[in-house]
Each structure stands twice: as C-alpha cells, then as structure tokens.
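Heads up, the thing below is written out as structure tokens.
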Amino acid sequence: MYGMVNEGLRTFVEKEHGPDMWREVCEMAGVEAATFERMTSYHDSVTYSLVGAVCQKTGKSADEVLEPFGTYWVTFAGASNFGTFLRLAGNTFVERIKGLDDMHDSILLSMPHLKPPSFEIEEVGPNDYELSYFSEREGLAPMVIGLLYGLAAETNEKIKVTQIVQKKTVSDPDVFKVTLVQ
C-alpha cells in the first residue's frame, strides 16, 4: 500500500489516542518509521501489522478499528489533492461512488505501483443499491463500510450499509446493500 494509507492511520490513531499511542503501535508492529512518505509504496504487511497493533493496544477487533478509520479516511484523503478528483465526480453519494474508479485511474498516473480497489454500484430498488468492492487485499470490508458512511456524510446524505456477501477468493467481491435513508 502507499504511504498515504499508513499516514492516514497514523493521524487517525494520534487524533483518537495521542502520539504516545502511535509510537507504541509502531514499536509493537515492528515498524521503525513513525511517519510515512505518502507517495512511496510499502508492503501491505506494514499496514496490516500496524492495524493489528492498534487492535492489541485498544482491545478492539479489526472491524472496530477499520470501520471508523474508513470514515476518517474520507476526510483525510479529501484534504489531499486526490479529494479534488472525488469531488469532481459529483455532488451525490451515488455519483461519488461511481467516480471512485475514475479517481483511482487518475491517481495511477502519479502512483504507478498502486493496486487500487474497484467499485461497481447497481440500483436494485428505490433508494436501494448493491455495491461490489473488488480488491486483491483481504479483510478491508469494514474500512469500506466506514468509507461509505464518510462519503454519505460528505454529501449530507444518510445511508444504511449491510454487508451481504463476503468474498471467498481474491477475485470475488465483497458486496454491500446500501440504502439511502430519506
């Protein structure tokens, strides 16, 4: 993963628990760098180790750490140049979801080793959608749930998200039911 994800995790942990906790997390994870270069690629194991250490230090499950981090991520990434790409996708939650792949394609120009996820959204009823999330990485569905809530908050919409399919293989998607709450 790119250092931007690890930097986001650092600022999230420092905001929630303070800089001392972040130093302890890094030590527990066996990670020497307390900060990360946003545009540098790091092995995925670094991120997973950091999340595991946050779980150990807080006594929370990975789901309990990743979902609020996903919500936070929207604000963190939105404050970067990449947030502009997402805002250009549209003003509604659904428009922004539809723009995620285009945003990742734009980011690939400056981050060529990025292995971004892919999102497909389909309307299945009035205010009901199925969102398929494709990623080579395992265990990030809770972060996606948080990300969805964060995107909805950014567009002043309310949603309810339920994971309805958990991927079984790397090529399978996680699938979520997303309801726009009126």
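Data table
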| item | result |
| --- | --- |
| The listed residue being under 15 Å from Thr11 (Cβ atoms), at pLDDT 95 or above and out of contact with any Ser or Thr (no Cβ under 6 Å at 6 or more places or on another chain), out of Thr71, Thr75, Thr58 | Thr71 |
| Enumeration of residues in region 92-141 that are β-branched (Val, Ile, Thr) and over 16 Å from Val5 (Cα atoms) | Thr92, Val94, Ile97, Ile121, Val124 |
| Options Asp172, Asp105, Asp128, Asp101; residue that is under 16 Å from the mean Cα position of the chain (by Cα) and not assigned by TED's automatic domain parsing to the domain that holds Ser49 | Asp101 |
| Residue among Val46, Val31, Val25, Val54 that is outside any helix (DSSP H, G or I), crowded, with 17+ Cβ neighbours inside 10 Å and among the hydrophobic types (A, V, I, L, M, F, W, C) | Val31 |
| Elements of type strands (runs of 3 or more DSSP E) in region 74-182, at least 2 residues being exposed (fewer than 14 other Cβ atoms within 10 Å of the Cβ) | 118-125, 158-165 |
| Hey, Leu100 touching a strand residue (DSSP E or B) at 6+ places or on another chain (Cβ under 6 Å) and without any contact (Cβ under 8 Å) to a residue 40 or more places away in the chain or not | yes |
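The values are calculated or read from the model by the stated rules, or taken from the named source; none is laboratory data. Note that the coordinates shown come from a computational prediction; the quantities given were computed from them, not determined experimentally. Note that we place each Cβ from the backbone using ideal geometry, even for glycine, and neighbour counts take in every protein chain shown.
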